[in-house]
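Written below as structure tokens is the structure these notes are about.
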Amino acid sequence: MSDGYAGYRSQLVEALQLKGIHDMAVLRAVATVPRHRFVPGTLEHRSYEDVALPIGAGQTISQPYVQARSCELLKLTGRERVLEIGTGSGYQTALLAMLAESVFSIERVPELARRAHEMLRELNFANVTVMHADGTLGWKPNAPYDGIVVAAASPEIPGPLVAQLKPGGRLVIPVGTREEQVLTLVVKDADGPGFEATPITDVRFVPLLGEFGFALPES
């Protein structure tokens, strides 16, 4: 992509490799997707730093390492149907769109959902659908999913999301309190409704608000 930022993306890829990201498809996606298009203009100069950045409405675009690790944990091959909870800026959505056959993304904040939808269309990611809704409920009409990634912290693993996974499907979600969480990999049993949860790394995300997440603030 000839936009003047290719060198910065290459440096980010090198930084992610040093931190342990080895999935070449994930690294190619990071090297391709223009992260600077998904951050506010005043922060564009920091868009390829390995840090989280504010995007408005009290939300953030997550640290690239965490997003790349989440994508890597899904073990995508390009043929999967993926659900993303927390569209945010749409950057991780774009990464997933390069890694899976189809991506369905839910965002609770209407303005963020609209902006992400417009940017993803502008960048020609045609295999993505964005909806404004309570992400903790999942998106049942398009289930089951091969993979689900949640970009906000939940006090527990939401039952509807596990139910919407295919047998053997993988869910990546930060679990914990509002202040401290652990990125967790959930693999659904191949022959039943149960699952195995494996802690991956300590993280810090905004809270997942909704019926099966943290309670919405009283208006």
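Give me the compactness ratio for segment 135-219, meaning the Cα radius of gyration over 2.2 N^0.38 Å. Could the numbers behind the result be given before it?
Details: Rg = 12.6 Å, N = 85, 2.2 N^0.38 = 11.9 Å.
Relative to the rule-of-thumb radius for its length, segment 135-219 sits at 1.06.
Which semi-axis lengths, in whole Å and largest first, follow from the square roots of five times the eigenvalues of the Cα gyration tensor of the chain?
25, 19, 17
State the answer as a single residue: which of G138, V150, S89 lies farthest towards the positive end of the charge dipole of the chain, with beta carbon charges of +1 for Lys and Arg and -1 for Asp and Glu, about the Cα centre.
Positive-most Cα among the choices belongs to S89.
Highest mean first, what order results for 49-56, 80-87, 183-190 on Cβ atoms within 10 Å?
Most protected by this proxy first, the peptides run 80-87, 183-190, 49-56.
With all distinct Cα pairs included, what does the Kirkwood hydrodynamic radius of segment 95-153 come out to in Å, to one decimal, could you say?
Taking the inverse mean of 1/r over all distinct Cα pairs, segment 95-153 comes out at 12.1 Å.
With a Förster radius of 45 Å, plug the Cβ-Cβ distance of R121 and Q11 into 1/(1 + (r/R0)^6) and report the FRET value to the nearest 0.05.
After rounding to 0.05, the efficiency reads 0.95.
Would you calculate a helix-derived [θ] at 222 nm for the chain, using -39,500 (n - 2.57) for each DSSP H run of n ≥ 4 and dividing by the full residue count, to the nearest 500?
Theoretical 222 nm ellipticity from helices: -8000 deg cm²/dmol.
Can you tell me the dipole magnitude for the chain around its Cα centre, using point charges on the Cβ only (Lys, Arg +1; Asp, Glu -1), in Debye to the nearest 20? Before the final figure, lay out each step's value.
Working: 20 positive and 25 negative charges, 86 e Å.
Using Cβ point charges on Lys, Arg, Asp and Glu, the chain gives about 420 debye.
In µm²/s, what is D for segment 76-183 at 37 °C and 0.692 mPa s, where D = kT/(6 pi eta Rh) by Stokes-Einstein and Rh is the Kirkwood radius from Cα pairs?
238
Measure off 7 Å from each Cα along the Cα-to-Cβ vector at D3 and L216, then give the distance between these two points in nanometres to one decimal.
3.3
Through the Karplus equation 6.51 cos²θ - 1.76 cosθ + 1.60, θ set to phi - 60°, convert the phi angles of segment 101-108 into ³J(HN,Hα) values in whole Hz; use x for Gly and Pro.
Working through the residues one at a time gives 6, 8, 10, 10, 10, 10, 10, 6 Hz.
Any read-out appearing in this document is the output of simple, stated calculations on the displayed coordinates, not a laboratory observation. Nothing here was measured: the structure is a model prediction, and the numbers come from that model. Neighbour counts are summed over all protein chains in view; Cβ atoms, including those assigned to glycine, are modelled from backbone coordinates with ideal geometry.
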